[in-house]
Amino acid sequence: MQTQQFQSQRALAAAVAVFSEGVAGSAPSEILSDGLGLIQHQCSADQVTLYSAHQHEVIPLGTSPVEEMPTGACPTDWFPWGFSVAAPERFLFVQNAETLPVALGSSQTLGELGLHSCLHLPILERQQLIGALQLYWSAPQEEWDDSTGQILRSLGRLLLASSTGEESVPYRNPPQGVRPYSSLA
């Protein structure tokens, strides 16, 4: 089992290295789309979403694949999924996430979207939340091995920086050219 985890971690690190070398000169929306697609593929996730945190709100920047996800800002005191009290520094893994709300104030659940397990990876800078990656699986996941978490958070930081044009805290509005989410009607 450890050998398989190590191989998975090495494969992810190699894929991220190749991706990072190829981003120069690419459009921010292309970097975001390709980076989220890479995470989705490497983690066998059904969906991956990147959020930017600014002051007291969290804003979705992009998702892979581009499907139905909530639009608009969410207060940080609710994010993620109403579990803000947990304030995870490394990750929050929810094995049975079917009953979690899709968005603040929504009666729709992740289970209604066919999602069974989810993972929240906060991206911190100086102990402040600057963003997060969230991964979703339709098949129940037994556990999360955070040995790849550091690599994913580093890639998330790169995606945040490329999307916002900054090296640290992202700004509130997504960059021009990033495809907006569709609503969850």
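The values are calculated or read from the model by the stated rules, or taken from the named source; none is laboratory data. Predicted, not measured: the structure shown is a model, and the values here were computed from it. So basically every Cβ, Gly included, is an ideal-geometry build from the backbone, and we count neighbours across all protein chains shown.
Numbers for the structure displayed
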| read-out | value |
| --- | --- |
| Selection status of Leu121, surrounded by 14 or more Cβ atoms within 10 Å (Cβ to Cβ) and in contact with a Lys or Arg (Cβ under 7 Å, 6 or more places away or on another chain) | yes |
| Scope the range 28-65; condition charged (D, E, K, R) and under 19 Å from Phe93 (Cβ atoms); matching residues | Asp46 |
| Ala45 of a type outside the set (D, E, K, R) and more than 21 Å from Leu160 (Cβ to Cβ) | no |
| Looking only at the range 77-124, and only at residues there that are at pLDDT 90 or above and among the acidic types (Asp, Glu), the one that is nearest to Leu152 (Cα to Cα) | Glu98 |
| Residue list for the range 39-66, filter: of a type in the set (Gly, Ala, Ser) and under 13 Å from the mean Cα position of the chain (by Cα) | Ala45, Ser52, Ala53, Gly62, Ser64 |
| Scope the range 14-48; condition hydroxyl-bearing (Ser, Thr, Tyr), surrounded by fewer than 19 Cβ atoms within 10 Å (Cβ to Cβ) and modelled with pLDDT of 90 or more; matching residues | Ser44 |
| Pick from the range 9-33, criterion out of contact with any helix residue (DSSP H, G or I) (no Cβ under 7 Å at 6 or more places or on another chain) and not hydrophobic (A, V, I, L, M, F, W, C), ranking: farthest from Pro140 (Cα to Cα) | Gly25 |
| Only one of Ser154, Ser138, Ser182 that is under 21 Å from Asp34 (Cα atoms), at pLDDT 90 or above and surrounded by fewer than 17 Cβ atoms within 10 Å (Cβ to Cβ) | Ser154 |
